[in-house]
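Encoded as structure tokens, the structure appears first; notes follow it.
None of the figures in this text is laboratory data; all of them are computed from the coordinates on show. Remember, predicted model here, so these are calculated numbers, not experimental data. Every residue, glycine among them, receives a Cβ derived from its backbone with ideal geometry; neighbour counts consider all protein chains shown.
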Amino acid sequence: MNSKVLLENTRKIKPIVHHITNYVTVNDCANVTLAIGASPIMADSIEEVEEITSISNSLLINIGTINERLYKSMLKSGKKANEKNIPVILDPVGVGASSFRKKITLDILKNVKVSIIKGNASEIAFIGNISSKNQGVDSDPALDNQSLDTLIDIAKTTANITDCIIAMTGKTDIITDGKKTYLIKNGIEELGLVTGTGCMTASIVSSLAAANKTSLLEAAALGVLIMGLSGEISLDSLRCRGLGEFRCELINTIGNINYNIINNNKDVEYLNE
Amino acid sequence: MNSKVLLENTRKIKPIVHHITNYVTVNDCANVTLAIGASPIMADSIEEVEEITSISNSLLINIGTINERLYKSMLKSGKKANEKNIPVILDPVGVGASSFRKKITLDILKNVKVSIIKGNASEIAFIGNISSKNQGVDSDPALDNQSLDTLIDIAKTTANITDCIIAMTGKTDIITDGKKTYLIKNGIEELGLVTGTGCMTASIVSSLAAANKTSLLEAAALGVLIMGLSGEISLDSLRCRGLGEFRCELINTIGNINYNIINNNKDVEYLNE
Amino acid sequence: MNSKVLLENTRKIKPIVHHITNYVTVNDCANVTLAIGASPIMADSIEEVEEITSISNSLLINIGTINERLYKSMLKSGKKANEKNIPVILDPVGVGASSFRKKITLDILKNVKVSIIKGNASEIAFIGNISSKNQGVDSDPALDNQSLDTLIDIAKTTANITDCIIAMTGKTDIITDGKKTYLIKNGIEELGLVTGTGCMTASIVSSLAAANKTSLLEAAALGVLIMGLSGEISLDSLRCRGLGEFRCELINTIGNINYNIINNNKDVEYLNE
């Protein structure tokens, strides 16, 4: 993974990332997109989403606070993104939590060519099951305690079924296109105590993908790695005395991240098929 | 008030708090819910709110940026919460500011069994007056300068009229079910200079209530106390040099709060009827 | 510009600023409104916006995440604000990015008497062109490198065409009513790396305008100056080690701003016609 080139491209091109996302974490997503060197645009009205997607370099769809109105805009933007050949990133937040989310996620995957799906083990497994057996599993914390081999298998299977790159976050992050796989051991539990770190990860992935259209697997892996590594660095900071400061430090660290910091990190493993 | 047990239950059970809330302070509500040890879910679409409420341990309704769409979802979720017997917490933000808010608040109270209403003196008095004299008072700053006895009377009357626990914030916070009453003298004016500290208080109350269904009065009192006490501790912090830092320190402090910190605080008084 | 009186009025009157704004930066807008000494109300539902505007001292319209529903509320509030004779401030975020934003901005300017338009050079030029030639230019980064004289001309022309005060932000901020003009050289590039600093500027302007209805040009100039100066002070702070901290320091600085800090600043120039 040539993280130097991926990062430099992003900061040079300063790509526009069209977000159709939830209202809970949207501000952090915008700030993290700026911190990594890209430019966020949030627009979700059916009257303008196609035009906004047209001037963007990637499209990030996040179903965190989905409704019918947003869903229609997502479909419209997704099709336009496919037409323009820019990457579409899907963050299926809580896809197992309601049949509405399940329906929408399936519909998006049917109607839009998604490049990368970013989710936790439950969300990825749910999507894999939907497509293979048309039967969902609910959010399943036990999944995280499965063996690494089992988790890799879930990620690869879902990648193959959906024909998407899967960025599955967890104790070990697994990023795979079904053939080539990155395993990333960075990351800390405390990231789960700040809302939106998952959404922010998808924003970083979408920023890197926007500027590196021919290296989407690497962009997805680097994006996930940057969040995990930044979590470690931020928590270690002397100034981090609690969750408020941790969140603040996260944006500091992501804004200051560079090739050397990433290169000194030894927690990435690459598995060729 | 056994704050040790109440807090330990919350952190052990890690209850899910379904928020249907405003888009202004929603991110802080999510972060404070995580900081106190619970798990926030924000979902407001009519197609899924019943399912989301079904997997949750409490429901928090906040009318801060209310509209027809949200209102319908609130009613649907509220009824489901009653059916599932999980506590419903209502934050009637600015109920006196428009006839639309008044109508919605009345309708919710008529159709949903609300467990706890959290509001400032104006909001609580307004609800009390609505129900007793069907005549509203507008937001009335003079209320805060009324004698403590008068304020206690307003809280108790509203509790009795609505058959809800009232958590009325102010210089002295008054938490009452109409019979038993807690008076809490923690809190500082500066909390009013950070947006959403009222909403965050309701999130903490909803988190504690979710894990302590049989001690709702105590949960409400402890939730209000934690915000006031955390405000004092955060403002005293050497690092707090302004409103930006104060907000950040608040989340730090709430995340680090424990039984000993609370127990060393002497500003709580318990009044049995 | 009598910044002492303008600021003191704001902190004494504590005016209410009705925001109909986007969900990306709304929380920062609320916090910055409190920090400067005013009181924010966010309400956008068609059923209540007129009542909310009626109890407010200024109305801020921001089209950042516009849709049909919000647009109708903006028109209704704008007309009520005109009727009540309170200032209306327009932030035409990304007006050149879609024909929907263009249409809405034109419609608002046609149906509502706007007092102040706050925007970057591209947005202001776009509005100027719309009104003069009914033909839009897209967002044009090259504009920022135009000569100062050219930029002043764009601001003045747009002021004259629209009959609004123009607060045009950039390397040199240009605030003009078409005749009298302030040039402000404060501000730093890094403000562009935190989302919403433009929206926050409009909130500060709207707060000052609400309390100083007869000095709107000065209120607009002071509001823009406060953001630029606070950016400089915040970035210089020893504690500012990254973008997360910079954002936090910004709110600190704005909350602590006073007449002496502003008066020691020499980067303001006043041009009489």
(message) How large are Rg and Dmax for region C:1-107 when calculated on the C-alpha trace, in angstrom?
(response) 14.1, 42
(request) Assuming R0 = 22 Å, can you tell me the calculated FRET efficiency for the pair C:THR150 and C:LYS180, based on Cβ-Cβ distance, to the nearest 0.05? (result) 0.70
(request) Return the sequence-ordered ³J(HN,Hα) values of region C:228-235 in whole Hz as given by the Karplus equation 6.51 cos²θ - 1.76 cosθ + 1.60 applied to θ = phi - 60°, using x for Gly and Pro. (result) x, 5, 5, x, 4, 4, 5, 5
(request) Compute the relative contact order of region B:3-271 as a whole-number percentage, counting only Cα pairs closer than 8 Å that sit 6 or more residues apart in sequence. (result) 21
(request) Kindly identify region C:7-70 as rounded, prolate or oblate by the Cα gyration tensor criterion: order the square roots of the eigenvalues as a ≥ b ≥ c, call it rounded if a/c is under 1.5, otherwise compare a/b with b/c, prolate if a/b is larger, else oblate. (result) oblate
(message) Based on C-alpha coordinates, I'd like the Rg and Dmax of the protein assembly as shown, in Å.
(response) 25.7, 75
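Per DSSP H run of n ≥ 4, the term is -39500 (n - 2.57); total these for the protein assembly as shown, divide by its residue number, and report the mean residue ellipticity at 222 nm rounded to 500 deg cm²/dmol.
Mean residue ellipticity at 222 nm (helix-derived): -16500 deg cm²/dmol.
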(request) Among C:ILE61, B:ASN145, A:VAL32, flag the residue with its Cα farthest along the positive direction of the charge dipole of the protein assembly as shown, charges on Cβ as +1 for Lys/Arg and -1 for Asp/Glu. (result) C:ILE61
(request) Counting other beta carbons within 10 Å of each Cβ, put A:THR21, A:THR172, B:THR65 in order, fewest first. (result) A:THR172, B:THR65, A:THR21
(request) Rank the residues A:VAL95, B:VAL112 as a footprinting-exposure proxy: fewest other Cβ atoms within 10 Å of their Cβ go first. (result) B:VAL112, A:VAL95
(message) Using alpha carbons only, how many angstrom separate the centre of region A:196-229 from the centre of region C:1-53?
(response) 36
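Test of understanding: ordering A:VAL49, B:VAL32 by Cβ neighbours within 10 Å, fewest first, what list do you get?
Details: A:VAL49 26, B:VAL32 31.
Starting with the residue having the fewest Cβ neighbours, the order is A:VAL49, B:VAL32.
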(request) Starting at the first residue of region A:79-90, write each ³J(HN,Hα) from the Karplus equation 6.51 cos²θ - 1.76 cosθ + 1.60 with θ = phi - 60°, in whole Hz, x for Gly and Pro. (result) 5, 5, 4, 4, 4, 7, 6, 10, x, 10, 10, 10
(message) Need one number: the % of Cα-Cα pairs in region B:3-271 sitting beyond the 33 Å mark.
(response) 12
(message) In region C:39-73, whose amide N lies under 19 Å from the spot 7 Å out along Cα-to-Cβ of C:ASP107? List them in ranges.
(response) C:44-50, C:60-73
